[in-house]
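Notes to accompany the following structure.
The values are calculated or read from the model by the stated rules, or taken from the named source; none is laboratory data. Since this is a predicted model, take the numbers as computed values, not measurements. Cβ placement follows ideal geometry from the backbone for every residue including glycine, while neighbour counts extend to all protein chains displayed. Side chains are part of the model used for accessible areas, which takes the heavy atoms of the whole protein and leaves out ligands, DNA and RNA. Shrake-Rupley method; radii C 1.70, N 1.55, O 1.52, S 1.80 Å.
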Amino acid sequence: DGARSIIALRKAQGEVGGIIEHLIQSDLSHTILDFDTKVLYSNQRCQKLLGFREDTDIFIRDFIDPQDRDRLGEMVSNITKNGKVDGKEFYISDNKKTLSIHMNLITVNSVDYIFCTLLDISEYKALKENMLQSQKMQAVGQLAGSIAHDFNNLLTAMIGFCDILLVDKKPTDNSYNE
């Protein structure tokens with residue numbers, strides 16, 4: 001039984017070590033949370049993104065805009081049921097960023113944790129807003145061009161009929177100027 005415990009401990013250390021090694025080397029912002037959203041471990045990219053140091057007790061929910069904290073709680077509840085929750089957008093009020101948070105359930109040494117990937121989608125959202133605005137302006141421009149074209153067609157017809165009326169008139173006639 002003692003040998004099994006040692007093997008289980010080494011296996012757990014290997015799993016944790018592999019996860020932490022992945023976190024350190026990743027180009028993405030990763031963190032491991034408990035079910036109260038307390039940060040148990042995070043890589044430097046995550047710390048920089050959220051603006052905290054590793055040696056402080058941090059809860060992800062504290063960074064989330066107060067209006068979105070219930071949604072974060074729902075995500076944590078859903079992770080126990082589904083084992084995975086795809087990205088949900090959250091606004092980070094301190095540094096005015098929008099994050100997409102992806103959660104996966106991991107089990108290490110029979111203990112469940114939440115493995116989070118945080119993606120800063122602020123730039124993406126700003127570009128998307130700019131693209132939507134330019135599409136709206138393009139649509140308005142096309143509408144204005146269509147209206148101007150139709151108006152020009154009407155004016156052309158009116159001027160043409162006026163010219164036809166003037167064919168039979170002399171410039172000296174009283175109704176010529178009208």
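Tell me yes or no: at least one residue of the stretch 107-118 is at pLDDT below 75 and within 16 Å of the chain's Cα centre (by Cα).
no
When you scan the stretch 120-136, do you find a residue that is farther than 30 Å from GLU89 by Cβ and surrounded by 10 or more Cβ atoms within 10 Å (Cβ to Cβ), even just one? Outline the logic, then answer.
Taking the stretch 120-136 and keeping what is farther than 30 Å from GLU89 by Cβ, we get none.
No.
SER110: small (Gly, Ala, Ser) and farther than 13 Å from PHE35 by Cα, yes or no?
Yes; evaluated as a whole, the condition is true for this residue.
Here are some residues: PHE63, PHE59. Which one is open to solvent by less than 40 Å² (accessible area, probe 1.4 Å), at pLDDT 80 or above and aromatic (Phe, Trp, Tyr)?
Being open to solvent by less than 40 Å² (accessible area, probe 1.4 Å), at pLDDT 80 or above and aromatic (Phe, Trp, Tyr) holds for just one of PHE63, PHE59, which is PHE63.
Name the single residue that is modelled with the lowest pLDDT among those in the stretch 136-178 being of a type in the set (Phe, Trp, Tyr) and under 59 Å from the mean Cα position of the chain (by Cα).
PHE161
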